[in-house]
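To keep things clear, I will list the structure first and then write my remarks on it.
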Amino acid sequence: MAAYLVTIGIFTLIYVLLALGLMLQFGLTGLINFGHVGFFAIGAYTSALLTLHGAPLPVGFIAAAVLAALAALPIGLISLRLRDDYFAIATLGFSETVRIVITNWRGLTDGTQGLPGVPPMFPFLPAAAAQWAILGTLGLVVLAAIWMITRIVRSPFGRIIQAIRDNEVAVKALGKDPARFKVQVLMLGSALAGLAGAFYGAYITYVVPDQYVPLVTFYVWMAVMLGGAARIAGAVLGSVILMLFLEGTRFVHDFIPAVSDVQMASVRIGMVGLLLILFTIWRPQGLMGGARR
């Protein structure tokens, strides 16, 4: 039971990293990024490929964050001149392009076979101790990300990106270039997603294209919306609620045994969707958002 709870904690912290990146992009800057999972995949494959070829694990993690950020640069430069809805479609297309590339570039990624045997974190420790060490390391990384975003929010840069979210025309009138700030935020949030991908690959020790479907992006969106789009604490709380709900629905099958395992997967998705609808109706600002006026 303890090992199961630690595993849930690790996956929750990975989702917290993803949610913090999306909160920075959408909650603070107003960027509608539907391709977050693409940067998650880039981070996972970058770290996996490097470590499988002998690179130290920290090098793989740093490279994952850097390459994910660099991948966001061209998509930002090309797409940020689009309207919000078109930008959302462009990022969704980008994430699917990433998945198609890693599926078909068999010489590099082994395609649908994936990359097994990714070097794990703390291989010198017993299995139980390694689980706790991974959880602690992820916790420290999440705290560092929270500290960084808090500093950003309180800085002049943070005030500008929040002004862009609220009134981009006014920011332009003050002589600022919103596109430059948007690209920087997109890169920073993508770096967090890439780092989350590196942790995911090292923990699972296996990466395959099917792990990086658009549903992952919308799970992260759900976490951000549940907690409060512009709140750091909301990204954390929303990720915890999401993971508890995803794991809790696994036990629904015990109460409705007539439903097959295949059908149960659809039932769980429906329950997650129902939760989001109810939150949208009764608490649209999220649990940590301000009171409705």
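We did not get these values from a lab; they are worked out from the coordinates using the rules stated. None of these values were measured; they are calculated from a predicted model. Methodologically, a virtual Cβ is constructed for each residue, glycine included, from the backbone with ideal geometry; neighbour enumeration extends over all protein chains shown.
Counting only Cβ charges, +1 for Lys and Arg and -1 for Asp and Glu, the dipole size of the stretch 2-213 around its Cα centre is about 580 debye. Helix content alone sets the calculated 222 nm mean residue ellipticity of the chain: runs of n ≥ 4 DSSP H residues at -39500 (n - 2.57) each, divided across all residues, give -24000 deg cm²/dmol. Grouping the Cα pair distances of the stretch 2-213 into 10 Å bins from zero gives a pair-distance distribution of 9, 34, 33, 18, 6, 1 percent in increasing distance order. The simple spin-label model puts a point 7 Å past each Cα toward its Cβ; for Ser155 and Ser260 those points are separated by 5.5 nm.
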